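> There's a structure below that I have some questions on.
The values are calculated or read from the model by the stated rules, or taken from the named source; none is laboratory data. It should be emphasised that the depicted structure is a prediction, and the values quoted were computed from it without experimental measurement. Note that each Cβ is placed from the backbone with ideal geometry, even for glycine, and that neighbours are counted across all protein chains shown.
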Amino acid sequence: MKTVAIYPGTFDPLTTGHLDLILRACDIFANVIVAVADTDSSPKTPMFSAVERVAMIKQVTKDMPKVSVDSFSGLLVDYMRSRHATVALRGLRAISDFEYEFQLAQMNRKLYPEFEIVYMMPDERYTYISSSLVKQVASLGGDVSAFVPEEIRPKLMEKFIKKAM
Ligand code: COA
């Protein structure tokens with residue numbers, strides 16, 4: 001397949017679940033652009049800046065030639081138009097993700113009629129992982145090595161050590 005897929009998200013931080021999805025997408029798409037939503041594009045207040053999140057994802061995906069990492073602000077559809085892309089990729093972990101994803105898909109299609117969205121399911125080992133839970137576990141001194149790629153673990157620890165000082 002020749003299509004480029006845009007994988008948008010907050011990625012605060014990227015988890016092993018996100019990484020699993022990126023690896024799966026590489027088997028299907030010619031190129032995968034991981035698009036990190038900057039502060040004005042995400043309803044969340046990220047702990048890591050967009051620059052930090054992009055740098056971390058670049059480090060994790062450095063040996064994946066099909067993957068590039070970028071950040072965007074404003075509407076996702078405007079970013080996709082600027083990259084001449086029509087396909088977005090999202091992960092579905094459980095039924096509870098569906099309602100929000102359904103709204104997101106319909107709204108984006110209204111804004112950009114060419115918009116298509118592909119949902120992929122991460123391995124069942126990752127269905128309970130979310131960036132918020134990972135941050136909570138890390139903030140309370142728990143072991144997050146199974147939940148974030150090894151390159152990200154020290155960055156996460158560093159944030160909480162700085163916060164505690
Ligand atoms: N494995 C593990 N966790 C996963 C996952 C996977 N495969 N896929 C998603 N998640 C988790 C994330 O960690 C995150 O957890 P958190 O809520 O605890 O942080 C949650 O599921 C969903 O986050 P994420 O995938 O990062 O998406 P998001 O919902 O934060 O991103 C945007 C939403 C950025 C795509 C959306 O807000 C957007 O398009 N913004 C641009 C502005 C715009 O166009 N708005 C109009 C939209 S119609």
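> Between Leu92, Leu104, which is more than 20 Å from Asp70 (Cβ to Cβ) and either more than 8 Å from the ligand (Cβ to nearest atom) or surrounded by 15 or more Cβ atoms within 10 Å (Cβ to Cβ) (or both)? Steps first, answer last, please.
Numbers: Leu104 fails: more than 20 Å from Asp70 (Cβ to Cβ).
One residue alone meets the criteria, Leu92.
> Whether any residue in the stretch 10-24 is hydrophobic (A, V, I, L, M, F, W, C) and exposed (fewer than 14 other Cβ atoms within 10 Å of the Cβ) is what I want to check.
Quick first cut of the stretch 10-24, residues hydrophobic (A, V, I, L, M, F, W, C) only: 11, 14, 19, 21-23.
Narrowing further to those that are exposed (fewer than 14 other Cβ atoms within 10 Å of the Cβ): none.
No; the residues of the stretch 10-24 include none that is hydrophobic (A, V, I, L, M, F, W, C) and exposed (fewer than 14 other Cβ atoms within 10 Å of the Cβ).
> Which residues, taken from the stretch 8-31, are over 20 Å from Glu151 (Cα atoms) and in contact with a Ser or Thr (Cβ under 9 Å, 6 or more places away or on another chain)?
Across the stretch 8-31, the qualifying residues are Pro8, Ile28, Phe29, Ala30, Asn31.
> Among the residues of the stretch 70-82, is there at least one that is within 13 Å of the chain's Cα centre (by Cα), within 16 Å of Asp12 (Cα to Cα) and more than 9 Å from the ligand (Cβ to nearest atom)?
Yes, the stretch 70-82 has at least one match.
> Which of the residues spanning the stretch 1-37 are aliphatic (A, V, I, L, M) and part of a helix (DSSP H, G or I)? Talk me through it step by step, then tell me what you get.
Going through the stretch 1-37, the residues aliphatic (A, V, I, L, M) turn out to be 1, 4-6, 14, 19, 21-23, 25, 28, 30, 32-37.
Scanning the stretch 1-37 gives Leu19, Leu21, Ile22, Leu23, Ala25.
> Which condition number in (1) surrounded by fewer than 22 Cβ atoms within 10 Å (Cβ to Cβ); (2) at pLDDT 95 or above is the one that Ala35 fails?
Only one criterion in (1) surrounded by fewer than 22 Cβ atoms within 10 Å (Cβ to Cβ); (2) at pLDDT 95 or above is unmet by Ala35, namely (1).
> Another question about this same structure. Taking only the stretch 40-57 into account, find how many residues are within 11 Å of the ligand (Cβ to nearest atom) and surrounded by fewer than 16 Cβ atoms within 10 Å (Cβ to Cβ).
4
> Would you mind telling me which numbered condition in (1) surrounded by 12 or more Cβ atoms within 10 Å (Cβ to Cβ); (2) over 22 Å from Lys155 (Cβ atoms); (3) modelled with pLDDT of 95 or more Phe72 fails?
Here Phe72 clears every test but (2).
> Looking only at the stretch 119-140, count every residue that is more than 7 Å from the ligand (Cβ to nearest atom) and closer than 18 Å to Leu21 by Cβ and tell me the total. Walk me through how you get there before you give the answer.
Step one: list which residues in the stretch 119-140 are more than 7 Å from the ligand (Cβ to nearest atom), which gives 119-121, 123-125, 127-128, 134-140.
Filter again for closer than 18 Å to Leu21 by Cβ, leaving 119-121, 123-125, 127-128, 134.
Counting residues in the stretch 119-140 that are more than 7 Å from the ligand (Cβ to nearest atom) and closer than 18 Å to Leu21 by Cβ gives 9.
> Moving on. Starting from residues that are surrounded by fewer than 16 Cβ atoms within 10 Å (Cβ to Cβ) and near the ligand (Cβ under 10 Å from one of its atoms), keep the ones in the stretch 108-118 and report whichever is farthest from Ile33 (Cα to Cα).
Step by step, filter the stretch 108-118, then rank; the result is Lys110.
> Follow-up. Testing Val87 on (1) of a type in the set (A, V, I, L, M, F, W, C); (2) in contact (Cβ under 8 Å) with a residue 60 or more places away in the chain; (3) farther than 19 Å from Ala25 by Cα, one condition comes back false. Which one is that?
(3)
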